[in-house]
Every structure is written in structure tokens, then in C-alpha cells.
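Below is one structure, written out as C-alpha cells; the observations come after it.
Please treat every number below as a calculation from the coordinates, not as lab data. All figures in this text were calculated on a predicted structure; none of them were measured in a lab. A quick note on method: Cβ atoms are made from the backbone with ideal geometry, for glycine too, and the neighbour counts reach across all protein chains shown.
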């Protein structure tokens, strides 16, 4: 009887711990929604930022204070791609895809809205109502930082 109880307890504990590790990962659904079922990780009270992870790719979505999706990027291994979602998706810059400034008159200073150990995202409202987003890798190796600066 004790063997069956121990086995059941072991199975239950194993399933409990595997559930905890799954719960700790970022969600993989909700990208593109105004109010996704995800934690807001924004560094600024004026923005909402949500992170989604699927198959090793991190997707970072930036919404304005009203929940309107501004834009999003996907990133893995220092590479970025602009996703075709959000009101200002055509104004998202990455190291691989720079976007010309829409207007420099009365443009706000960029605000850091997201930062983790490998990525930083800034948002800058422009005088014409457009918001530009910029995503970049955070340099982990000082000897290779100069190669990132030119991108």
C-alpha cells in the first residue's frame, strides 16, 4: 500500500512541478490583441508591452496607453524581424531593417518601454501622430559591440 501511495505522490509532484515551469514561460498566444492575456512588462506607465514566446522566438508587442497595438518585433539570437501588426508597424526599426524618420520636428525623446538581458525597445511619438519603435540587441560581448553599432 505504501508503494502505491509513494508512486501516486511522486507522479502528482512531478506533474505539479512541470506545470510550474510551463506557467513561468511567457504565453504563446494573444499577439496582436489590444488587451492580451499576458503580463504587461512595460518600463513606462504610458505604454503597454507584452512578450510572447513560441519555439524559441520572442515576440515583443507595444501598445499605447489605450490598448491600440502600435507595432511588434520578433527576435532570436540577436536577429530581428518587424511584424505586420499595429497602427505604426511600418515605422518599426530593427538592426536589420531601418526605417526613415517620419518627422523630426517636435518629435519626442525616445522612451525605453522594454528591456531584458538581450533586447531593448524604445518608443517615440512624432509630431505627425505616428509613433516610431526601435528594437535593438543589447551587446553582451564588448569586443563585438562596434559591429552592432553600425546596424
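Length gained on full extension, residue 29 to residue 66, computed as 0.36 nm times the residue gap minus the Cα-Cα distance: 11.3 nm.
Each of 54, 133 was scored by other Cβ atoms within 10 Å of its Cβ. Arranged with the fewest first, they read 54, 133. All distinct Cα pairs of the range 28-149 go into the 1/r average, and the inverse of that average, the Kirkwood radius, is 14.5 Å.
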